[in-house]
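The values are calculated or read from the model by the stated rules, or taken from the named source; none is laboratory data. All figures in this text were calculated on a predicted structure; none of them were measured in a lab. Methodologically, a virtual Cβ is constructed for each residue, glycine included, from the backbone with ideal geometry; neighbour enumeration extends over all protein chains shown. Only protein heavy atoms, including side chains, enter the accessible area calculation; ligands, DNA and RNA are left aside. Shrake-Rupley method; radii C 1.70, N 1.55, O 1.52, S 1.80 Å.
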Amino acid sequence: MFDQRQFGRLPVMVVAAVNVLLCVLAGVALGIAWLRSSPSVAERETANSAVEAAPDSKMCAVEGGSPLSPSALAGSNDLVIAGYRPLSYDAGGASGADSAEPTPAPPSTAGAQDAGSAGPTQPEADAAPMGSAGGQSTYRAFLPIVVSRPMNLWSQPATWGGQVPQNGDAVVIPAGQVVLLDVSPPPLHSLLIEGELIFDRRDLNLTAGWIAIDNGGRLQIGAPGQPFTHTATITLNDTDLNRNVMGMGTRGILIRGGTFEAYGATPNRVWTKLNDHAAAGAATLTLSDTVNWQAGDQIVIAPTDFYGVGQTERHTVQLAGGARITLTAPLTTARWGRLQYVATTGMTTTPTTAVTPLVLDERAEVGVLTRRIAIQGADDSRWNTDRFGAHIMVTQDGVLRLDGVELRRVGQGGRAGRYPVHFHMLSYNASTGAFLGDATQQLIARSSIWNSANRCITIHGTNGTTVRDNICYDIAGHAVFVEDAVERRNVIEGNLVLRVRQPPTPILDSDIERFRRGPSGFWLTNPDNTVRGNVAADAQGNGFWLAFPVTPLGSSKLVPIRPINIKLGVFSHNVAHSNKKPGVNLDFAPFNDAGETRESRYVPTSNEGPDNYAVNRVRFTFSDITTYKNNDNGLWNRTSWPDYVRFVSADNAGMFFAGAGDDGKVTSSLIVGVSLNNSTPPPISDQPNAAVASYHSTFDIFNNVIVNFALDSRTDRASGAFATNDYYTLAVDRGLVRNPNNVLINSHPGRRVVSPNINVPVGNAALAGALWDPHGYWGPAGNYWVYNIPFLTHGRTCTSVAGETLSVSCPGAYYAVGGLRIDNSNRYVPHTPLTVVRLNSAMQPVGTWIVRDGRGGNVNTFNIMSHMRHFAASPGARYVISFTDDLGNSWSMPTQEVMLTLSNMHTHTDQLILSVPFSGSVVITAYLTTHGSYQNPPLSAPIRYLTPVSTQAALFSTLNSVWRNSADNRVWVNVTGGMALPGGEPSNPVSNEALYRTTYLRIYRQP
């Protein structure tokens, strides 16, 4: 090739013309053999022979940039040879915020882009905006120009105009240039790819401070269907913490307008499970699948106990054959390795479907980290001291496709946007919120990401990606991170996430461990994704945290959607175990860019707009979920209209299904309090084991199998199969009728949690006095399960309940009295002190029910709200209600109105007599109505006015009557049930309308 040094001041264009001509001739002879991006061994050997015969024939290089002569560079320390030119750039400054958009591409320094180069075309660009703070730097840059598409060997000096890149060089492959990396070059300062760089089929190492892919550039290792079977290692080692290449930082592979594809040969099983127990000290593991893992491979083994008892262990394979592997070092803690089935007598490892087809699988996951292709951060002081690892970021028109790649020493601690894999704003315009389209080309599959200082995989403002069959291990902060709550139609499937911890410098508040919060395996902020077949274990926070905010966050604030109301995509076949917080948490959504969270109710709607109850609500389903050995709930939720189907939940600490919701279902599930995997006790918890909380019968619990839930000795906490500590909205709850066909094996149906108002010390709230037991879980079917106090049991023949001293099973009926409103008090938050004396037919007291004043806040209510005040009444009994308590607290004498709600009075034979305080100096009227607008019911509403009588005796003998006792400042009523409902008789016999027939009793002063 012609070298300008040989011809003095010969014009550059003359030299260029000659070189171009020679390149064209060379390309005709040899270019065709190199058109394939992944040449076979035979093709490579043929090409190498041709190169040896004519080393200069595969490349043409001319001096790029401005036509500088040697004299123009006099005094420079740079070597002046063909293909080099000084490359200067200004400092970029640190970019610590993910929301910062990558900087626009500057004009190109290289020749015209070849029309056949891969990837979308960007505006012509200089090498890259990069730099260190406060000055200018100069590096040698390689700027070859090619006019045909033959592949040029990195190892050939002709590719670079006379000398291959040297240690510390800044290398540029401009548009139109196709380079085959056939040798491991010395460590480079940087590598900018605007053409193509393709890894040869041989063992290779590439080290650079950073790699940028722009202007349609392409970096490719292997190919779809032709995975890379050698070893390729890319090491990123920039030490300048403040460098900001294209707005994406440094020590990374930065993809703005190009493509990075890497396809490595993958093991036949990325992860599997044990098929037999492995004791502490064992070095041989039996797997559930045959694997082709190799000696020297790094593997991870999940814990199968509670968080903190054991943790994920990383080991090296010494020997692998079939379904058995031998480790170079023994296990530190034991692992469970067998399936468990349900027999009529309890849990067993003998296969059976006699009770349920569901199987409890607590076998340890085992995954292999080692891949043929590895991308890593340098193991240097920046990593060990500053937690400054490698990262891959793709934005704008970039494409990232990784299949069978290992990423280690990755993520940059405390730096937003610097994650191991980061799909950044590929589907939305941050400036306008406009939708740009789904990014369905993006893929990361069968890869491993481990030892990360900042997350694992981040999907940010991007729709349609595929994240499948990956392993995330040893991750700081949320691992799989769906960032702004606008990300939709992504497929997150078959991933194994292990060992997630709080970072030393959390980026978001949600990364900090708190009550049911903390760094989680999966942080999911938009429901419209497919999340299926994943495992989250050994996380300091939740396994899966579904945190759907009201509005989008961060860079996507302008996107006009409401994540909290978006319909669910798919959430199924996921496993959460050995996490410190709930296995699955559907609550506590972020409300600002700092990541602060608060209670949040997910309500999907048909139009994805604000909730309008039955007008637009839609049901959603979580199915085939497994949760076990979590240190908190198996599932915590705050939502409306969920269906939880075929769950397998076992060995969790506390309450397995819990939260706050309405019109939900838990069905066809297996719930095991204590399985055979019970070598260590559960962590100390303020909440004993309980299978399911119905949240005062707003969840229907049916067709489940509940095994090994014993009764705990505490009476102020739920335990057993059904939690009863949340039956506080009504004095009589009949919703257990919706809990049929549950099979209880070695399980108590549930502790009758003491009502705060009859506890010691006395609290200022009340639980339901009577729970209907139509299925006979606690006693004879059809009885009521009540507190064993005379106020509720007088005159009845009741049956004792096994294990209970506070409660008995009594024949019905019981009526509910509540909803107290006095004059203009808040009917929904009554804090009125309440004393109710039950009288017999001789007007003698037989029992008292006191709920203390609630105006001072909760007092010994164990999280029951202090405005829960009501009482259960018996037919034929008489009740004197006073608005005082045993401490002398009192409410002002009513002068305008008293309203009470009555329920479970279904027929005209249901009768109740009671009296309330009321000023004796006014004329009153009283009526019953079943219309919710009880003060002003429409003319068509059912209404029954009470007949005024003048004596107490007349009141007792006259149904639906009212007597005002002026001397005692009291009003007495004698009322019956059977009121018609405004909408007619309900078609659903177990609806709340049919079960309770709520009736409003209004006593008011005549105008």
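Just for the stretch 881-919: of the residues that are among the small types (Gly, Ala, Ser) and touching a strand residue (DSSP E or B) at 6+ places or on another chain (Cβ under 7 Å), which one is most open to solvent (accessible area, probe 1.4 Å)? Steps first, please.
Restricting attention to the stretch 881-919, the residues satisfying the condition of being among the small types (Gly, Ala, Ser) are 882, 888, 890, 892, 903, 915, 919.
If we keep only those that are touching a strand residue (DSSP E or B) at 6+ places or on another chain (Cβ under 7 Å) as well, we get 882, 890, 903, 915.
Working: Ser882: 32, Ser890: 63, Ser903: 8, Ser915: 0 Å².
Checking each candidate, the answer is Ser890.
For the stretch 413-449, name all the residues that are out of contact with any helix residue (DSSP H, G or I) (no Cβ under 8 Å at 6 or more places or on another chain), part of a strand (DSSP E or B) and crowded, with 24+ Cβ neighbours inside 10 Å. Break it down into steps so the answer makes sense when it comes.
To start, the set of residues in the stretch 413-449 that are out of contact with any helix residue (DSSP H, G or I) (no Cβ under 8 Å at 6 or more places or on another chain) comprises 414-424, 426-427, 429, 431-432, 434-449.
Restricting the remaining residues to those that are part of a strand (DSSP E or B) gives 421-424, 435, 443-445, 448-449.
Scanning the stretch 413-449 gives Val421, His422, Phe423, His424, Ile444, Ser448, Ile449.
Being of a type in the set (A, V, I, L, M, F, W, C) and in a loop (DSSP other than H, G, I, E, B) is the filter here; which residues of the stretch 189-210 pass it? Please lay out each step first, then the result.
Kept after step one, since they are of a type in the set (A, V, I, L, M, F, W, C), are these residues of the stretch 189-210: 191-193, 197-199, 204, 206, 208, 210.
Residue satisfying the conditions is Trp210 alone.
In contact with an Asp or Glu (Cβ under 6 Å, 6 or more places away or on another chain), open to solvent by 10 Å² or more (accessible area, probe 1.4 Å) and within 19 Å of Tyr602 (Cβ to Cβ): which single residue out of Arg517, Arg488 fits that description? Show your work before the answer.
Details: Arg517 fails: in contact with an Asp or Glu (Cβ under 6 Å, 6 or more places away or on another chain).
After ruling out the rest, the residue left standing is Arg488.
Tell me, which strands (runs of 3 or more DSSP E) wholly within the stretch 211-329 include 3 or more residues that are open to solvent by 20 Å² or more (accessible area, probe 1.4 Å)? Give the derivation first.
Working: elements: 211-213, 218-221, 232-236, 252-255, 259-263, 271-273, 284-286, 298-301, 313-321, 324-327.
By residue number, 313-321.
Which one of these does Asp663 not meet: (1) touching a helix residue (DSSP H, G or I) at 6+ places or on another chain (Cβ under 8 Å); (2) open to solvent by 40 Å² or more (accessible area, probe 1.4 Å)?
The single condition Asp663 does not satisfy is (1).
Need pairs with beta-carbon distance below 6 Å; first residue farther than 28 Å from Val692 by Cα and within the stretch 606-627, second crowded, with 16+ Cβ neighbours inside 10 Å and among the aliphatic types (A, V, I, L, M); sequence gap 6+ or separate chains.
Taking only residues 6 or more apart or on different chains, the pairs are Glu608/Ile566.
Could you grab me the full set of residues in the stretch 398-407 that are touching an Asp or Glu at 6+ places or on another chain (Cβ under 9 Å), under 19 Å from Asn470 (Cα atoms) and either open to solvent by 30 Å² or more (accessible area, probe 1.4 Å) or in a loop (DSSP other than H, G, I, E, B) (or both)? Spell out the reasoning first.
From the stretch 398-407, those touching an Asp or Glu at 6+ places or on another chain (Cβ under 9 Å) are 398-403; that's our starting set.
So of that shortlist, the ones also under 19 Å from Asn470 (Cα atoms) come out as 399-403.
Hit for the stretch 398-407 is Arg401, nothing else.
Mind checking whether some residue in the stretch 970-983 is open to solvent by 20 Å² or more (accessible area, probe 1.4 Å), touching a strand residue (DSSP E or B) at 6+ places or on another chain (Cβ under 7 Å) and farther than 14 Å from Thr901 by Cα?
Looking for residues that are open to solvent by 20 Å² or more (accessible area, probe 1.4 Å), touching a strand residue (DSSP E or B) at 6+ places or on another chain (Cβ under 7 Å) and farther than 14 Å from Thr901 by Cα, one finds at least one in the stretch 970-983, hence yes.
State which residue is surrounded by the fewest Cβ atoms within 10 Å (Cβ to Cβ) when the search covers only the stretch 851-880 and only residues that are of a type in the set (Ser, Thr, Tyr) and under 24 Å from Leu955 (Cβ atoms). Explain how you work it out, then say what you get.
Narrowing the stretch 851-880 to residues of a type in the set (Ser, Thr, Tyr): 861, 866, 874, 879.
Filter again for under 24 Å from Leu955 (Cβ atoms), leaving 874, 879.
Working: Ser874: 25, Tyr879: 20.
Looking at the filtered set, the residue picked out is Tyr879.
Could you give every pair whose Cβ atoms fall below 6 Å, whose first residue belongs to the stretch 247-259 and is in contact (Cβ under 8 Å) with a residue 40 or more places away in the chain and within 18 Å of Ala416 (Cβ to Cβ), and whose second residue is part of a loop (DSSP other than H, G, I, E, B) and basic (Lys, Arg), counting only separations of at least 6 or pairs across chains?
Pairs that qualify, where the first residue is in contact (Cβ under 8 Å) with a residue 40 or more places away in the chain and within 18 Å of Ala416 (Cβ to Cβ) and the partner is part of a loop (DSSP other than H, G, I, E, B) and basic (Lys, Arg), are Gly249/Arg418; Thr250/Arg243.
Of all residues being among the hydroxyl-bearing types (Ser, Thr, Tyr) and either farther than 29 Å from Gln340 by Cβ or touching a His at 6+ places or on another chain (Cβ under 7 Å) (or both) in the stretch 701-737, which is surrounded by the fewest Cβ atoms within 10 Å (Cβ to Cβ)? Just the residue, please. Talk me through it step by step, then tell me what you get.
Our first condition is that a residue be among the hydroxyl-bearing types (Ser, Thr, Tyr); within the stretch 701-737, this holds for 713, 715, 719, 724, 727-729.
Next, from what is left, pick out any that are either farther than 29 Å from Gln340 by Cβ or touching a His at 6+ places or on another chain (Cβ under 7 Å) (or both): 715, 727-729.
On the way: Thr715: 15, Tyr727: 28, Tyr728: 24, Thr729: 17.
Once the filter is applied, the top-ranked residue is Thr715.
Let me spell it out: the conditions are (1) touching a residue at least 60 places away in the same chain (Cβ under 8 Å); (2) open to solvent by 20 Å² or more (accessible area, probe 1.4 Å); (3) assigned to a loop (DSSP other than H, G, I, E, B), and Pro938 meets all of them except one. Which number is the exception?
(1)
Taking the stretch 775-802, which residues are in contact (Cβ under 8 Å) with a residue 40 or more places away in the chain and within 39 Å of the chain's Cα centre (by Cα)? Talk me through it step by step, then tell me what you get.
The initial filter retains those residues of the stretch 775-802 that are in contact (Cβ under 8 Å) with a residue 40 or more places away in the chain, namely 777, 784, 786, 789-792, 794-796, 801-802.
Residue satisfying the conditions is Tyr777 alone.
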